[in-house]
1. Using the charge dipole of the stretch 609-716 (Lys, Arg: +1 at Cβ; Asp, Glu: -1 at Cβ; taken about the Cα centre), state which of Ala642, Gly632, Pro613 has its Cα farthest towards the positive end.
2. Ranking Met600, Met557 by Cβ neighbours within 10 Å, fewest first, what do you get?
3. At 0.36 nm per residue, and after removing the present C-alpha to C-alpha distance, how many nm does the segment from Leu745 to Val43 gain when stretched out fully?
4. Could you tell me the convex hull volume per residue, in Å³, taken over the Cα atoms of the stretch 14-67?
5. What FRET efficiency would be calculated for the residue pair Leu544, Glu113, taking the C-beta separation as r and a Förster radius of 41 Å, to the nearest 0.05?
6. Want the number for Asp97 to Leu590: 0.36 nm per residue separation, take away the alpha-carbon distance, what's left?
7. For the pair Leu322 and Arg492, how long in nm is the line joining their label points, each one 7 Å along Cα→Cβ?
8. Gain in length, Asp580 to Ser412, computed as 0.36 nm per residue apart minus the alpha-carbon separation, to one decimal in nm?
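None of the figures in this text is laboratory data; all of them are computed from the coordinates on show. Fair warning: this is a prediction, and the values are worked out from it, not measured in the lab. Using ideal geometry, Cβ is built from the backbone for each residue, glycine included, and neighbour counts are taken over all protein chains shown.
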Amino acid sequence: MTQAPGLSGARMLLKRLRNVMARGGAAQMRLDQTVKLIAAEMVAEVCSIYLLRAGEVLELFATEGLKKEAVHKTRLRVGEGLVGDIASHARPLALADAQHHPQFAYRPETGEEIFQSLMGVPILRAGRVIGVLVIQNRTRRQYSEEEIETLETVAMVLSELAAGGELVSQEELRPGDGIAVLPLRLDGVTFCPGLAKGIAVLHQATLQLQQLVAEDPEREAERLTGALEELHSSIDRLLDAGDLGGQGEHFEVLETYRLFAQDQGWRSRMLEAVQSGLTAEAAVQKVQNDTRARMRDVSDPYLRERLSDLDDLANRLLRHLLGADAPGARRLPEEAIVVARSMGPAELLDYDRTRLKGLVLEEGSQNAHVAIVARALDIPVIGRCADLMEKVGEGDPLVIDGDNEQLFIRPSDDILQTFAESMRQRVEKRAAFAALRDLPAVTLDGVQVDLHINAGLLMDLPQIAATGAAGIGLYRTEIPFMVSHEYPEVARQTEIYRKVLDGAGNRPVIFRTLDIGSDKVLPYWNRAPEENPAMGWRAIRIALDRPAMLRQQLRAMLNAADGRRLSIMFPMVTEIAEFDACRRLLELELTRRRQQGRTMPEPLLVGAMVEVPALLWQLPELLARVDFLSVGSNDLQQFLFAADRDNPAAAGRYDTLSPAMIRVLEDVARAASAAGKPFGLCGEMAGDPVAAMALLCLGYRSLSMSPPRVLPMRAAIRNLNFGRLQAYWQAVRHLDGATLRGALLDYALDHYVPL
C-alpha cells in the first residue's frame, strides 16, 4: 500500500518545492521540475498541472507520468471530466476507482487509461480557481485526509507561479478590448439609496506574498500570534474612536466583527497551516482561499456577507504581518467613490469620511454589514454589479444612481448634466417631502391612510420621527439574531424589544416572531441544506418544532412591554392549527407571568401574516381567532406565482397588480372587513405609489414600507382625490391584460400624482 509523507514529510516537500522555485529560469521549466518532485514525494505514478485559459478552458501545462505530447494539447472545459469537475466546484476530489466515475472523460493522447485512482485539488488565487493539481496511481489507492491537505498546501505554493503572468497572461483572461475608454453603464442592486459623483478608488485588498514556505515553523507561529494581537488592538481602537456613536445596530455589527477576529477556530486553522510548513502570511491566505472556495457557490446573502467580513479580517491580518498600510490610508480625491469586489464593515471606516461619497460592490447584499455601516454614514451604495472590477479603472469618473440601481463609468457630458439636474431636484424634493412630515397622510377628499415603517435595526427607530410615520408596522425580530455571534438570551432580547418600544414612544409596534430560514440564516445554527429553502423549514415551522425558542422570544416581548401595548404577529401561517399552537405557547407564557405577579401588557394584540395561499381558504376560521391581519406582499406574490423573487429570470415575470394578485388582496380585505378585524399590508408593494392606489381602492388603510418610501407615499396620497380614483378603478379593474399598472400609471400622470 502506497503511503505519502506525514506532517514532517509535507514540510520537506515544501522545502524542496521552494528550492525549485528559487532556482530561477523559465516558468515552464520550473513547472516541469515541480510535477516530477510532487510525483516522487507523494508516491504517485502521475502528477499533472492544468491551468485555466481564456474561455473557461483547462489546459495541461505539465505532467510526470502521462504522455509528454499531450502537454499544451489536452484541454478540458470547466465542468468537463474529473479535472473540470474539481475546477467547477473548487473542491478536492479523491477516487480509488476514477475510471468508473460518471464524470471521467477519456483523452487517448494522455495514456491515462492505465491509471485507476486519482486525487486532485484546485489551485486557488484570491478565492478563484486558476488551475488544478492532480496525482494518479495505477492501483486502487484510498487517499487520506492528510494527503489531500498536503496536496492543497502544495497547490497554494503553486498558485504564485501560476498567477505570475509568465505561463498564462492576465490579459488573456480579461474579456474584450477597447471598452476601457468608453462610457459604460452597469446595473446593480441598491443597498443604500442616493446619488453620488466622484473618482473611482479601487479597494485593492489582495497583497502579494514574497515567501510562502517557512524556514522555522515555530517562529512563524509566533509571528502569527503577534499579528493577531495587533489586529485585536487595532479593532479595539476603531470601536473606541466614537465618531459613529456607541449605540445603534452599526455599532453592534462592529462588535460582532471584533468577535470574529477572536474566533479560536480561525486561529487554529491558520496555526495548523503554519505547522504544515507555510509562512504565517501564506497560512492566512491559504485558510481564506479555502473558505472562499467552499462558499463561492453559496447564494445565501447573509453567509456571503459573513465571507466579506472574513476577507476583511484576513487582509487586515496580512497587513499586520507584512507591515503594509490599509487601502483606506491613501489620500483620497475630494470626491471619492470606492470600488471593491466585496468589503467588510471595518474596511469602509478606514477611508476618510469627509471625502468618501459612495461605494460600489461587485458582490454583497442589502443586509451586508458594510451596507449597515454605510447607512450610518449616509452614503449611497450599489452592489451586485457584474464584472465591476474588470470594467472600472483607478481614477475613472463615476456616477452612482442609487434610485435607479445604476452605475455610470466615465459618464458622458449629458449624463453629468442629468446628474446635476437630478441632484437639484433631489434636494428640492427632499425639502418638499420634509415639509409634509408632520401632516397626515389623507387624500384631498378626506380618506385617512396610516403609513408605518418596516424596521429590524435599532438604527431604524429615528426614522419614525424623521418620516412622521404612524408607527412600526413590521419589526423583523430575526435581524438582531442574525448580526449576533451567538443566540441571544432572553435578557438580551428583552433589552432589544424594550429599546424598540421606547423608541416608538406611544406609536404602535408590531413584532413579527422569528422568520428565519430561507435566505435568513443564523451563523451559530447548523442546519441541513435544503433544495428549496424559501418553501422549506422556516419561520413558524421552525418555531413550532423548537417551541422553547419561541417561548423565550414571547417571554422577552412580554418583559419588554411591561404593561404597555404589545402586538405580536406570527409569520408563514399555513394552517389554522399552526396559529392555535403558537397561541397556546403564548398562553403558557402569560400564565407563567400571572403566577409571578408581573404586569401584563395592555392591550395585547395577536395577529397573523397572510403569505401562504393555502390560508386564503381558511380566512373565516382564522379571523375568528386573530386580533388583526397583515398581508406580506413579497412572499404572497412569490408563492402565488411560484416565482422566486430573488431569481432574475423569474422575479420580474409577474406583477403585483396582476388580476390574480388583485383578487387575492380583495378577498382578504373583504373577509377582514366583514369580521370587523383590522388589516394592512407590508412589503415592497406598500411603498409603490402606483400599487398603493389599487390598495386604497381595495379597502387597505394601513401600509407598512421601508422608511425612505414614507414621505414620497405621503405626498402621493395627499395629491389624490379618492372618489375620482375609485370611479376610475371601477372602470378599468376588469380590463384584459397581465397587469393594471399601465392604467393606474396613466391616471397618476394625468392627475399630477407624484411618483
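1. Going by the Cα projections, it comes out as Gly632.
2. Values: Met600 14, Met557 27.
Going from sparsest to densest Cβ surroundings: Met600, Met557.
3. Details: separation 702, 0.36 × 702 = 252.72 nm, distance 7.22 nm.
Extra length from Leu745 to Val43 when fully extended: 245.5 nm.
4. On the way: hull volume 4.7 nm³, N = 54.
Expressed per residue, the convex hull around the Cα atoms of the stretch 14-67 is 87 Å³.
5. Details: r = 56 Å, r/R0 = 1.37.
Plugging the Cβ-Cβ distance into 1/(1 + (r/R0)^6) gives 0.15.
6. On the way: separation 493, 0.36 × 493 = 177.48 nm, distance 6.21 nm.
Length difference between fully extended and current span is 171.3 nm.
7. 3.5
8. Extra length from Asp580 to Ser412 when fully extended: 54.4 nm.
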